[in-house]
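Worksheet: the structure to be examined is printed underneath.
The values are calculated or read from the model by the stated rules, or taken from the named source; none is laboratory data. Since the structure is predicted, the reported quantities are computational estimates derived from the model, not experimental observations. Neighbour counts are summed over all protein chains in view; Cβ atoms, including those assigned to glycine, are modelled from backbone coordinates with ideal geometry.
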Amino acid sequence: MRRTLTVATLVALVAAVSACGAPENARPICRSDSPTILMAESVPSASLIPCIDSLPGGWAFDTFEADETHATFSLQQQDGGGVLDVQLVSSCDATGRGVAVEGFPTVQRYRSEVDGGSGVVWISTFPGGCSRAELTFPAPPAQADVDRMERAISFFPRDQLRPM
């Protein structure tokens, strides 16, 4: 019996480790899927989980990481050198005047420019957490590109997550 339990535990552990390295973990699209669930587990207080509603043309998922305190993912522009890094944490320092995010009444988004205008940071606060998204380009981007990337960042409600 003990040997059977040990073998079953080992099989479950190998499956869990394999799932963590699966390609879908690099794709936090707004649905109840493994990357979104891993992000939610990393910040259990967060009522919303940042995600990409629809991957903008010319952009690809690059990295995904989650641990017991935060989660991050990044997108890379396929040509042009743009990068979008998104982080979920339990709290952020947001200054200035926040604006409401359409479709998410509990979210306040704060925006600032960085690197002489070649980047933008959005801090979005919501009950139990916040996300920090930083968009950078080699040179100041067109406003249309910034707006398109801001619209791509969305949220998945924790209460809609389903266990896998």
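Some notes on this structure:
- Scan of region 45-61 for residues that are modelled with pLDDT of 95 or more and either in a loop (DSSP other than H, G, I, E, B) or surrounded by fewer than 15 Cβ atoms within 10 Å (Cβ to Cβ) (or both), ordered by number: Ser45, Ala46, Ser47
- The number of residues in region 119-147 being under 15 Å from Ser47 (Cα atoms) and modelled with pLDDT under 95 comes to 0.
- Selection from region 103-121 of residues that are within 18 Å of the chain's Cα centre (by Cα) and of a type in the set (D, E, K, R): Arg109, Arg111
- Entirely in region 90-157, the strands (runs of 3 or more DSSP E) that have 2 or more residues that are without any contact (Cβ under 8 Å) to a residue 40 or more places away in the chain: 99-101, 104-114, 119-126
- Extreme residue, nearest to the chain's Cα centre (by Cα), among residues of region 122-164 that are under 19 Å from Val101 (Cα atoms) and β-branched (Val, Ile, Thr): Ile153
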